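The values are calculated or read from the model by the stated rules, or taken from the named source; none is laboratory data. Not measured: the values here are computed from a predicted model. With ideal geometry, Cβ positions are generated from the backbone for all residues, glycine too; neighbour counts draw on all protein chains shown.
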Amino acid sequence: MKKELAFIFDLDGVIVDTAKYHYLAWRNLANVLGFDFTEEQNELLKGVSRVKSLEILLSIGKVNLSEAKKQEFLLQKNKEYLEYVNKMTSEEILPGVNDLLNFLELNDIKYALGSASKNAPLILEKVGLLNRFTAIVDGNDVSKAKPDPEVFLIGAKKLEMKPENCVVVEDAIAGIQAANAAKMISIGIGDTNVLHEADYVFKDLTAITPDFLKNIMN
Ligand code: B16
Ligand code: MG
């Protein structure tokens, strides 16, 4: 393998599917505020920060709240979300993740986490992956949300790698745009039609094979 590469993984939708727990907690809040919130609408919140997610939810329900009420509901939503997170185990690691991380470690390829979630370290701890990442960049470290490249540029710095030698694995459009803005190689996980801005798209991490990795390193 010639070109030295490093990987930066998104969390929700790539390593674990916490979107389903975010959905349950946001739906509950919507119901408290008197409107419904569908799984389809939940797609709009993927990869988006907690504060921005509340703004989107309130615009769907056409609800106006004071700043104080927003803060109260943000705390309430996160409290409910954490009840689900606290029950997570390694069973919830998505297919292909362990094999890919094993392959990267065997080949001395460094990898970091680049997530919008402020709960990322706790989630990684719950599923037993916290100590495997060389670096973690999460929602607490960034001032600009994806599609801004900040999260991945900080990740590259922590890995001591040039952006062009970093491969980002992401499930959200905003995340792919952030990776592209950082001039990194972008791998989308999900639907090709949705993630068409990515350099490569796979249905899940099982499709990122050693052969594919050898190809992008040459
Ligand atoms: P929290 P990712 C994102 O994680 C989720 O996709 C998004 O739905 C969520 O609003 C955001 O984290 C913030 O999460 O409330 O835990 O800080 O995909 O960037 O790993
Ligand atoms: Mg994601």
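Within the range 59-88, the set of residues being touching a helix residue (DSSP H, G or I) at 6+ places or on another chain (Cβ under 7 Å) and either at pLDDT below 95 or among the hydroxyl-bearing types (S, T, Y) (or both) comprises Y81, Y84. Residues that are within 16 Å of ligand 1 (Cβ to nearest atom) and hydrophobic (A, V, I, L, M, F, W, C) within the range 102-117 comprise A112, L113, A116, listed in sequence order.
Residue by residue, here is whether (1) over 19 Å from the mean Cα position of the chain (by Cα); (2) assigned to a helix (DSSP H, G or I); (3) within 14 Å of ligand 1 (Cβ to nearest atom) holds:
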{"site": "H22", "(1), (2), (3)": "no, yes, yes"}
{"site": "W26", "(1), (2), (3)": "no, yes, yes"}
{"site": "A30", "(1), (2), (3)": "yes, yes, no"}
{"site": "G47", "(1), (2), (3)": "no, no, yes"}
{"site": "S53", "(1), (2), (3)": "no, yes, yes"}
{"site": "L65", "(1), (2), (3)": "yes, no, no"}
{"site": "K69", "(1), (2), (3)": "yes, yes, no"}
{"site": "E72", "(1), (2), (3)": "yes, yes, no"}
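Total residues in the range 137-178 satisfying the condition of being under 12 Å from the mean Cα position of the chain (by Cα) and aliphatic (A, V, I, L, M): the figure is 10. From the list A174, A181, A112, A207, the lone residue that is away from ligand 2 (no atom under 16 Å from the Cβ) and in contact (Cβ under 8 Å) with a residue 60 or more places away in the chain is A207. Total residues in the range 1-48 satisfying the condition of being of a type in the set (S, T, N, Q) and crowded, with 18+ Cβ neighbours inside 10 Å: the figure is 2.
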